[in-house]
């Protein structure tokens with residue numbers, strides 16, 4: 001499904017980090033809207049989505065002249081103190097339109113010239129590998145957080161048919177590791193997975209973040225429940241995975257396989 005693209009010139013790019021992102025001084029979204037249109041996305045329940053008539057996943061706003069605006073805002077923010085940036089909180093910076101529009105790449109170029117203290121790049125797209133050259137220049141000031149909710153692609157297709165296959169995300173993590181770019185696998189939200197999942201990620205990352213709807217949607221799971229998520233679990237006969245205690249299944253599996261300190265929970269896993 002093609003998304004409707006709208007070009008806009010934003011008044012601001014760096015937003016104050018609050019709530020779940022209180023560990024960050026700022027959040028940064030190169031786009032508004034997201035073509036991946038994941039069924040469980042908490043942003044569906046946020047004003048950026050609810051004020052639009054169109055369904056989430058069918059529209060994307062492209063922020064024009066973003067690099068020049070970031071250059072000014074970053075300079076001002078750094079003059080006031082430490083700058084830590086979460087990119088992105090309500091969109092995927094590497095959704096399909098980025099291939100052509102290159103807004104995210106232009107922002108990374110600005111941050112290579114004038115680096116923040118820390119940048120977390122949150123994505124579920126293998127397109128991030130295109131920018132390895134810039135990410136390498138940020139050295140230990142950057143971490144790529146690659147969402148890998150499950151190791152079962154049939155589960156991924158059921159919940160997020162518009163998102164990239166699991167296999168290509170793992171390949172991107174391998175390329176990041178080979179290039180020496182700091183990265184983590186983010187199992188958020190946890191979806192039904194197999195016992196082999198930790199062994200699949202062990203050669204690729206030394207840091208894993210586990211999060212679910214109840215810890216991570218900013219409302220104790222209320223936003224997600226309004227999306228009717230239980231129906232998708234019922235269709236698979238896997239309703240036990242839609243429960244506040246279900247994260248323990250995955251967390252415990254990873255704790256048994258990964259060295260101590262490498263498996264982090266929710267907000268701690270996203271922190272700088």
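Cβ-Cβ distances below 6 Å connect the following pairs, each with a first residue in the stretch 1-25 that is at pLDDT below 90, a second residue that is in a loop (DSSP other than H, G, I, E, B) and surrounded by 11 or more Cβ atoms within 10 Å (Cβ to Cβ), and a separation of six or more residues or different chains: 3/35; 3/58; 19/218; 20/218.
Checking each residue in the stretch 170-180 for being in contact with a helix residue (DSSP H, G or I) (Cβ under 6 Å, 6 or more places away or on another chain) and surrounded by fewer than 24 Cβ atoms within 10 Å (Cβ to Cβ) picks out 175, 179. Pairing residues of the stretch 256-267 that are at negative phi and without any contact (Cβ under 8 Å) to a residue 60 or more places away in the chain with residues that are in a helix (DSSP H, G or I) and surrounded by 15 or more Cβ atoms within 10 Å (Cβ to Cβ), at Cβ distances under 7 Å and at least 6 apart in sequence or on separate chains, gives 257/198; 263/251; 263/254; 263/255; 265/251.
In the stretch 235-248, the residue that is surrounded by the most Cβ atoms within 10 Å (Cβ to Cβ) out of those that are touching a residue at least 24 places away in the same chain (Cβ under 8 Å) and part of a helix (DSSP H, G or I) is 247. Within the set 82, 53, the sole residue that is free of Cβ contacts under 8 Å to residues at least 12 places away in the same chain and either assigned to a loop (DSSP other than H, G, I, E, B) or surrounded by 18 or more Cβ atoms within 10 Å (Cβ to Cβ) (or both) turns out to be 53. Inspect all residues belonging to the stretch 65-74 and state whether any of them is part of a loop (DSSP other than H, G, I, E, B) and modelled with pLDDT of 90 or more. There is at least one residue in the stretch 65-74 that is part of a loop (DSSP other than H, G, I, E, B) and modelled with pLDDT of 90 or more. Scanning the stretch 39-52 for residues that are at pLDDT 95 or above and either over 25 Å from residue 267 (Cβ atoms) or in contact with a helix residue (DSSP H, G or I) (Cβ under 6 Å, 6 or more places away or on another chain) (or both) turns up nothing.
The values are calculated or read from the model by the stated rules, or taken from the named source; none is laboratory data. On a predicted model such as this, the values are computed, not experimentally measured, just so you know. We place every Cβ from the backbone using ideal geometry, glycine too, and count neighbours over all the protein chains shown.
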